[in-house]
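The next block holds one structure in the form of structure tokens; read it before the comments.
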Amino acid sequence: MQIHPRNTPQLAAFGVKSLPRVRKVDSNPLRAHLLGLSRMADNGRGFLALPVMRVITIQLIILFFCIIFEAEVTATILSAVPTVDVEPVINGRSNVVCGAEEFVCGNTTRCIERIKHCDGIKHCDDGEDEDGCADAHGSLDSLVKAIKEHGELKDVIFDKSLDNCSLGENVPPFCECRFYTFLFCENHNLTSVPKGIGNSITKLALTNTSLRSLPAGAFSEYKGLKIIHIEGNVIRVLSPGPFSEMSNVTFLQLMKNQIEIIEPGAFKGLDNLRWLLLQNNHLKKLNMSVLEDIQSIEVLDLTDNRLTQLGTFPPLDKLFWLGLGNNRIERIAKSTFRELASLEVLILKENVIEEIEETAFSSLETLLELNDISHNRLKYLKPKLFYKLRNLNKLNLEFNLITSLPMGIFRGLDVLKSLDLQGLDIHNIDIQMFHPLTELKFIYFKKFLYCSYAPYVRICTPKTDGLSSTEHLLVFPALRMSVWFVALMTCAGNTLVLSWRVLSRKEDKVLSLFIKNLAFADLLMGIYLVAIGSQDLSFRDSYNKYAHAWMTSNACNACGILAMVSSEVSVLILSLITIERHRCIRTNVRVITVSGARFCLAIVWIIGFTLALIPIFKWSEEKGFYSSNGLCFPLHIDDAYNLGYQYSAFIFFGINFTAVMLIISLYASMFYTIKRDRESARPVILKKHEDTVLAFRFFFIVLTDSLCWIPIVIIKLLALAGVTISHNLYACVVVFILPINSALNPVLYTIAAPTELRRKIERWLQRAFIWLQRFDCIIKSSKSVSNSSSLTRTVTTQETRYIPTSSGGELELCITAI
């Protein structure tokens with residue numbers, strides 16, 4: 001094996017200098033250039049002429065502090081996640097001016113951090129920080145309103161009487177009398193309604209008994225009943241007449257009774273019934289005629305049954321709450337709810353609805369809450385489906401199969417306060433889609449990105465994607481500071497390296513050309529981070545208002561292209577440097593020429609720009625490839641299957657991960673070759689620690705590449721496998737892990753390597769040290785003279801010692817003794 005003489009500068013990048021002549025032990029005299037691979041100039045003499053081990057130690061310290069800093073910032077981020085991060089409403093009654101990240105408590109002079117707004121804890125004295133935070137629109141409002149308006153119903157449900165009984169001695173031993181007139185029979189083998197209790201009973205509960213039927217006139221002797229609660233029995237058929245002449249009953253609960261059939265006339269006699277709860281039964285079909293006997297009904301709950309189809313509901317002028325959730329309904333016809341003119345709340349969640357006819361809700365002009373059509377199988381919605389729902393204030397469409405929404409789907413919803421679109425991938429989402437919703441206060445999406453399409457909605461969920469919030473491009477203060485730290489470190493280091501390599505005339509031209517291009521590529525990453533930090537400053541406290549315009553702008557695309565070019569060109573140049581070093585050590589082939597290096601670098605830059613620009617032309621008609629988040633970099637971690645995910649996977653798996661594996665394998669091969677040949681060439685003179693030094697240098701070069709790309713590859717694999725990636729981890733990847741190569745490459749390849757730049761820095765530092773020592777000597781001498789003149793005469797002696805230095809000068813140290 002031979003090594004070309006021109007390889008020596010290449011080997012110097014590992015900490016290698018040319019060696020003194022040694023005894024020939026190989027037929028190839030050029031092998032002598034290899035044998036002293038780790039020896040440094042001056043044999044380590046001099047205060048600042050550092051040997052290799054010290055250089056490696058410096059690299060270790062730098063890398064250690066970088067990792068510690070990253071860990072501290074990550075811990076800060078993880079501990080700083082707010083429960084809710086929304087834009088507060090500042091009370092106008094106070095003239096107090098709070099800071100940018102604070103809001104005022106009512107008309108007081110107290111300012112509270114924004115992060116404490118709507119966090120479920122009252123920080124203001126009167127709780128103003130929690131006002132208007134709950135999304136209570138719809139069914140809750142309607143139910144509370146009904147209870148308040150009907151005093152009798154309120155008394156029935158919330159009777160707070162003392163625990164006494166006025167039913168006399170007729171109470172069965174297996175029942176319990178409560179609140180004077182309430183009879184509660186539970187967990188007993190009852191086969192019929194108890195008899196002979198008395199007319200004064202107003203509430204009867206039969207739960208978890210063995211009732212199999214309710215015959216006609218079952219409650220005829222208790223005409224004073226207001227509440228009948230029958231639960232947990234085995235009544236499969238509800239026959240006609242069990243509630244005949246029960247005109248005082250206002251609340252009938254028949255839940256969990258395995259009811260399969262309700263025969264006509266089953267509710268006859270319930271002239272004043274207001275609440276009918278039939279949830280958790282086995283109803284497959286409902287004969288709508290049975291509802292004609294309860295014209296006063298206000299609340300009807302058919303949740304958790306097995307209904308597959310619905311007929312047309314009869315006119316129920318007082319019905320305001322209808323629950324049809326968790327059934328097996330497949331279709332809603334235009335006539336289904338046509339006669340329910342007073343309906344305010346309609347619940348259709350957790351069915352298998354595939355189609356809703358366009359005019360199905362057209363007669364429900366009083367509807368306040370369509371809560372909800374969620375968890376169904378709807379693939380599309382008719383454009384005018386909600387057109388006449390002008391009083392609707394809550395709409396829930398979450399977790400359907402909808403992938404696009406008609407542009408005018410929300411037109412006419414003038415007073416809508418809450419809109420839930422969680423679980424929907426809205427491919428055609430547009431900012432114009434939500435313009436008609438001028439009163440919207442709460443909106444819920446699957447992705448934080450979608451919040452940018454509704455910038456004027458007060459509370460948007462999710463609150464953050466780990467990078468941004470509705471207020472800030474960079475959500476956490478630690479991120480805002482860290483992006484500037486990493487950016488400045490990257491820009492400063494690479495600018496220094498680039499400037500030195502351009503001005504230097506003593507460095508190897510080929511290696512220097514590679515390093516200059518590497519530094520310029522890494523500098524682009526620093527410029528990208530500066531751009532992101534600047535945008536964060538400009539959007540502070542109002543990011544969501546400008547998020548859509550920013551992410552769809554050419555400036556965002558330019559930032560994304562800049563970051564993509566930087567990362568790809570950097571990893572490809574590192575691969576080129578590694579291949580060239582490996583070639584120098586393993587073969588005696590002439591190293592690449594300057595013109596050849598320029599050609600290779602030109603190809604690398606062309607590849608880098610091509611990879612970055614392909615998405616711009618490929619998806620020009622759709623949502624931008626670089627617009628998946630406010631940082632304009634398409635990692636596709638938060639949404640693994642977002643637009644262009646295949647291309648992103650190709651970049652990170654096919655190119656970057658392959659390059660890292662190539663670098664690791666080639667450095668392992670180089671280390672083995674160098675170690676083997678040195679041992680065979682100089683087994684006596686060779687010091688064992690030199691192998692350790694070389695291993696350390698190779699280790700840090702490989703480690704920085706691994707720290708950058710291997711975590712990203714692992715995270716992307718987990719995301720593609722369906723594992724939910726923490727938003728906080730996403731932020732760490734973009735701000736810390738991705739730029740780590742760009743920040744540390746100047747240290748590894750120029751500043752800490754035995755280059756002319758490092759030697760000059762050492763000489764400058766050495767001179768500075770000498771001047772500091774001389775200055776200290778003068779100060780001490782002055783103090784000595786001053787002290788001796790103020791005291792009695794004392795003999796003062798001064799000893800001067802000279803210490804040789806590696807630069808050939810002498811370091812004068814003054815030691816004053818009294």
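The values are calculated or read from the model by the stated rules, or taken from the named source; none is laboratory data. This structure is a prediction, so every number in the text was calculated from the model and none was measured. Note that we place each Cβ from the backbone using ideal geometry, even for glycine, and neighbour counts take in every protein chain shown.
Structure summary
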| item | result |
| --- | --- |
| Cross-chain or 6+ apart pairs with Cβ under 7 Å, the range 554-569 first and farther than 19 Å from Ser742 by Cα, then assigned to a helix (DSSP H, G or I) | Cys556/Trp550; Asn557/Ile616 |
| The range 354-389, residues that are among the hydrophobic types (A, V, I, L, M, F, W, C) and either out of contact with any Ser or Thr (no Cβ under 7 Å at 6 or more places or on another chain) or without any contact (Cβ under 8 Å) to a residue 24 or more places away in the chain (or both) | Ile356, Phe361, Leu364, Leu367, Leu370, Ile373, Leu378, Leu381, Leu385, Phe386, Leu389 |
| Residue among Ile262, Ile227 that is under 23 Å from Glu186 (Cβ atoms) and crowded, with 18+ Cβ neighbours inside 10 Å | Ile227 |
| Lone unmet requirement of (1) hydrophobic (A, V, I, L, M, F, W, C); (2) surrounded by fewer than 23 Cβ atoms within 10 Å (Cβ to Cβ); (3) under 26 Å from Leu574 (Cβ atoms) for Ile515 | (2) |
| Yes/no for Leu190 being at pLDDT 75 or above and outside any loop (DSSP other than H, G, I, E, B) | no |
| Any hit, the range 445-461, residues being among the β-branched types (Val, Ile, Thr) and either farther than 13 Å from Asn544 by Cα or under 16 Å from the mean Cα position of the chain (by Cα) (or both) | yes |
| Hits in the range 217-245 - residues which are touching a strand residue (DSSP E or B) at 6+ places or on another chain (Cβ under 8 Å) and assigned to a loop (DSSP other than H, G, I, E, B) | Phe219, Tyr222, Leu225, Lys226, Gly232, Asn233, Arg236, Phe243 |
| Which numbered condition Ile297 misses (of (1) closer than 24 Å to Arg331 by Cα; (2) in a loop (DSSP other than H, G, I, E, B)) | (1) |
| Residues of the range 443-459 that turn out to be over 21 Å from Cys632 (Cα atoms) and either of a type outside the set (D, E, K, R) or buried (at least 19 other Cβ atoms within 10 Å of the Cβ) (or both), as a count | 5 |
| Test: residue in the range 173-184 that is over 27 Å from Glu344 (Cβ atoms) and at pLDDT below 75 | no |
| Qualifying residue in the range 524-538 (condition: over 30 Å from Tyr647 (Cα atoms), in a helix (DSSP H, G or I) and under 38 Å from the mean Cα position of the chain (by Cα)) | yes |
| Candidate set: the range 609-658, residues that are within 22 Å of the chain's Cα centre (by Cα) and small (Gly, Ala, Ser); chosen: the one surrounded by the most Cβ atoms within 10 Å (Cβ to Cβ) | Gly630 |
| Scope the range 372-416; condition over 27 Å from the mean Cα position of the chain (by Cα) and of a type in the set (Ser, Thr, Tyr); matching residues | Tyr380, Tyr387 |
| Sole exception among (1) crowded, with 19+ Cβ neighbours inside 10 Å; (2) closer than 19 Å to Lys349 by Cα; (3) of a type outside the set (A, V, I, L, M, F, W, C) for Asp425, by number | (1) |
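Yes or no, residue by residue, for (1) over 30 Å from Arg501 (Cα atoms); (2) modelled with pLDDT of 80 or more; (3) buried (at least 16 other Cβ atoms within 10 Å of the Cβ):
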site: Glu679; (1), (2), (3): yes, no, no
site: Arg682; (1), (2), (3): yes, no, yes
site: Asp705; (1), (2), (3): no, no, yes
site: Cys708; (1), (2), (3): no, yes, yes
site: Leu718; (1), (2), (3): yes, yes, no
site: Leu738; (1), (2), (3): no, yes, yes
site: Pro746; (1), (2), (3): no, no, yes
site: Thr750; (1), (2), (3): no, no, yes
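Table: residues versus (1) within 26 Å of Glu398 (Cβ to Cβ); (2) surrounded by fewer than 18 Cβ atoms within 10 Å (Cβ to Cβ); (3) in contact with a helix residue (DSSP H, G or I) (Cβ under 8 Å, 6 or more places away or on another chain).
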| position | (1), (2), (3) |
| --- | --- |
| Leu291 | no, no, no |
| Ser296 | no, yes, no |
| Asp301 | yes, no, no |
| Pro314 | no, yes, yes |
| Phe320 | yes, no, yes |
| Leu324 | yes, no, no |
| Ser335 | no, yes, no |
| Leu346 | yes, no, no |
| Glu350 | yes, no, no |
